[in-house]
Amino acid sequence: MKKTLIYIIVAAVLVGLAAWKIADNKKKQDTEVKEVAKQVDKINVNVITVSRENIDTDYAANGTFIPKQELQQSSEISGRIVSVLVKEGSKVGAGQVLATIKRDAIEVDVTQAQNNLQNAIIDNQRYENAYKTGGVTKQQLDNSRLQLKNMQAAVRAQGVKINDTSIRAGISGTINKKMVEPGTVVSPGTALFEIVNINSLKLSVLVDESQIGRIQLGQEVPINVNVLPNDSFSGRITFIAPKSDVSLNFPVEIEVQNRGNLKAGMYATATFKTNHGAETQNMLTVPAEAFVNGVSSGQLFIVNNGTAKLIKVQTGKVYGDKVQIISGLNGGEQVITSGQINLDNGSKINIVK
């Protein structure tokens, strides 16, 4: 009997403990549900605290060197190459003969044109004398004079062809490629030599639209050449494109005098200094990613008593991923940097980090 009573008491205690545990779990579950309910209408965001910092105001752009002058030297006439007077690597001056074309047939044409000219001179003299005595009409004399002019032009034309049998360099420079050998038959426009002038080179770079207003023609620019880290170079801006490309970058060319160690195609970095000359400036900045609809909008969300507040700021220059703030923020504000796409003015927020 006592044994049975003990079993009953133990069972009652176990049932009581189970009921208490269930009630406690329910209480915790209700608390968690209430907490989730509080958060369900909040939007998760990341924030940063606005502060002043030292910003490197220099702007760097990468590019490659291109020759100041480059020319595909071609033939002006058709014919067979009889001699090539230069080789790859040869230094040439403007007007120097690089190759010659066979001229036998042209010389025959020159002789014929000269003979025709002599006949035209004699015939014209006869007409001039005859016109004085009334032996020919004015029209016949005019035709004779025209024939003489045509023969003179034909002689000059053959002289041009003779001159064109000597293929001359259009610019001073170095023969970078030779695409012709003796015996090659060429025609007008056939590329025979590639000539490059690297006494000075042009560094071609792309400058972002946010920086293009900071540079000007004639500005001196320090240049660092990757394969020549121990050498210092500088150049002068000679060209700023009036129109950007599709990526809103502006092509810029910087002319650099070659001391002999630079080659076309080398990779280099140009550093554009600011007008004030300082390497850094202490300024108020926010990340470019914080702006709603891009930096140009000037719109930001800041944290305001657990909600997102949309404000308008005046922006300055862009330095990499940082945007200068001229007015609209004082420092210390929490600016939302992600999640803005889901926000409206006054939206409740949950700060993740």
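The residue list I55, L148, V97 was ranked by how far each Cα lies along the charge dipole of the chain toward its positive end, using unit charges on Cβ atoms, and I55 comes out on top. Legend: residue pairs K42/K317; K243/K322; K87/K202; K177/K243, Cα-Cα distance threshold 28 Å; pairs beyond threshold, K42/K317; K177/K243. Our summary of shape: the Cα atoms of the chain have principal axis extents of 167, 53, 50 Å, ordered from largest down, in whole angstrom.
Quick one: net charge around P251, please, counting Lys, Arg +1 and Asp, Glu -1 for every other residue with C-beta under 15 Å from its C-beta.
On the way: positive: K202, K243; negative: D208, E209, D245, E253, E255.
That sum, taken over residues with Cβ under 15 Å, equals -3.
Taking the stretch 47-165, how much of its Cα-Cα pair set, in percent, is spaced more than 19 angstrom apart? The calculated P(r) of the stretch 47-165 puts 70 percent of pairs beyond 19 Å. Scaling against 2.2 N^0.38 Å puts the C-alpha radius of gyration of the stretch 237-353 at 1.49.
Placing unit charges on the Cβ atoms of the charged side chains and taking the dipole of the chain about its Cα centre, the candidate lying farthest along the positive direction among Q216, G306, G173 is G306.
Computed in the context of the full set of protein chains, the accessible area of the chain at 1.4 Å probe radius has 52% of its extent on carbon or sulfur. Using only alpha-carbon positions in the stretch 178-310, the gyration tensor eigenvalues give semi-axes of 45, 21, 13 Å once each is multiplied by 5 and square-rooted (largest first). Taking all protein chains into account, the per residue accessible area for the chain stands at 60 Å² (1.4 Å probe).
R0 = 51 Å: FRET efficiency of E70 with T133, Cβ-based, nearest 0.05? After rounding, the FRET efficiency stands at 0.20. Value of Rg to Rh for the stretch 295-353, rounded to two decimals, is 0.96; Kirkwood radius and Rg both from alpha-carbon coordinates. Note on the chain: with charges restricted to the Cβ of Lys and Arg (+1) and Asp and Glu (-1), its dipole about the Cα centre is near 780 debye.
The values are calculated or read from the model by the stated rules, or taken from the named source; none is laboratory data. The structure displayed is predicted, hence computed values, not measured ones. FYI the Cβ positions are ideal-geometry reconstructions off the backbone, even for glycines, and counts take in every protein chain you see. Just the protein is used for accessible areas: all its heavy atoms, side chains included, with ligands, DNA and RNA removed. Shrake-Rupley method; radii C 1.70, N 1.55, O 1.52, S 1.80 Å.
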